[in-house]
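First the structure, which I've put down as structure tokens, then a few questions once you've had a look.
The values are calculated or read from the model by the stated rules, or taken from the named source; none is laboratory data. Treat the numbers as computed from the prediction; the structure is a model and nothing was measured. Using ideal geometry, Cβ is built from the backbone for each residue, glycine included, and neighbour counts are taken over all protein chains shown. SASA here: full protein model, heavy atoms, side chains in, ligands and nucleic acids out. Shrake-Rupley method; radii C 1.70, N 1.55, O 1.52, S 1.80 Å.
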There are 2 protein chains.
Amino acid sequence: MDIKSAILQLSSIAQEARLKIFRLLVQAGQEGLPAGNIGETLQIPASTLSFHLKELSHAGLINSRQVSRFIYYSANYDAMNGLLAYLTENCCAGAKDCAPSPTCKPK
Amino acid sequence: MDIKSAILQLSSIAQEARLKIFRLLVQAGQEGLPAGNIGETLQIPASTLSFHLKELSHAGLINSRQVSRFIYYSANYDAMNGLLAYLTENCCAGAKDCAPSPTCKPK
DNA sequence: TCTATATTTCCATAAATATAGAAATATAGT
DNA sequence: ACTATATTTCTATATTTATGGAAATATAGA
């Protein structure tokens, strides 16, 4: 994971509508939800929703698959875990020994 | 941690200059670094740097303290850990059992 | 108080992002 | 082929965010 990808992924969830979408998809499990369902639940117009889904897809945080006329979107857990791992490693947070001591040094 | 705060913090690191600043401060340890030092290291003009530092401060991800003529900025590890905890809990990532199984359900 | 250094604020501008209606596209049932 | 439904793309507009020079502010040494 490089810094560009990390920023792309962070940007994609650093927005209220998208964070809510992602959260909803996480809750929905790997089966995911059709776009229309997401829009209805979160009260987001179709074109706006499509824009946000594209952002999340582009960042790799969600996947999609077509099921008849519906397009199911689902959370990409691996990608999210990768992002958290990047932040934990690169930004040191999460490491207890990193907080107050100088133990945490440049990698 | 509410969604607004999470987004404020995510937005503040979802930007190349700011993610680099935060990373640098994490590496610097709790002593932190004076603004000028950060700007020189990352090649960022003073006014631009000040803008980014304000964003990070506003989000609560960094702290500052004045030491004579210098203002030292340092990473707020607790805030970052809080953000990661929020993402882990709310967005499920990080939980192994969340990945492929339907074990992970709405909280 | 004068001067040097550190940093911020002000300001204008540029660039990126978000919103949503309307039209286009895709899929499937009749 | 026609119709209904689902979603996306197109388009315009509004809003937010980023950039950096110039001026202002703050601190401290001579």
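Would you tally the residues in the stretch A:47-71 being near DNA strand D (Cβ under 10 Å from one of its atoms) and surrounded by fewer than 18 Cβ atoms within 10 Å (Cβ to Cβ)?
13
Those residues that are of a type in the set (Gly, Ala, Ser) and in a helix (DSSP H, G or I), I need them from the stretch A:22-52; list them, please.
To start, the set of residues in the stretch A:22-52 that are of a type in the set (Gly, Ala, Ser) comprises A:28-29, A:32, A:35-36, A:39, A:46-47, A:50.
Of everything in the stretch A:22-52, those that are of a type in the set (Gly, Ala, Ser) and in a helix (DSSP H, G or I) turn out to be A:Ala28, A:Ala35, A:Gly36, A:Gly39, A:Ala46, A:Ser47, A:Ser50.
So, B:Leu19, is that one within 16 Å of DNA strand D (Cβ to nearest atom), surrounded by 15 or more Cβ atoms within 10 Å (Cβ to Cβ) and assigned to a helix (DSSP H, G or I) or not?
Yes.
Among what's in the stretch B:22-39 and is open to solvent by 40 Å² or more (accessible area, probe 1.4 Å) and under 17 Å from B:Val67 (Cβ atoms), pick the residue that is farthest from the other protein chains (Cβ to nearest Cβ).
The residue in question is B:Gly36.
Among (1) among the aliphatic types (A, V, I, L, M); (2) without any contact (Cβ under 8 Å) to a residue 40 or more places away in the chain; (3) within 13 Å of DNA strand C (Cβ to nearest atom); (4) within 12 Å of chain A (Cβ to nearest Cβ), where does B:Leu10 come up short?
Of the numbered conditions (1) among the aliphatic types (A, V, I, L, M); (2) without any contact (Cβ under 8 Å) to a residue 40 or more places away in the chain; (3) within 13 Å of DNA strand C (Cβ to nearest atom); (4) within 12 Å of chain A (Cβ to nearest Cβ), the odd one out for B:Leu10 is (2).
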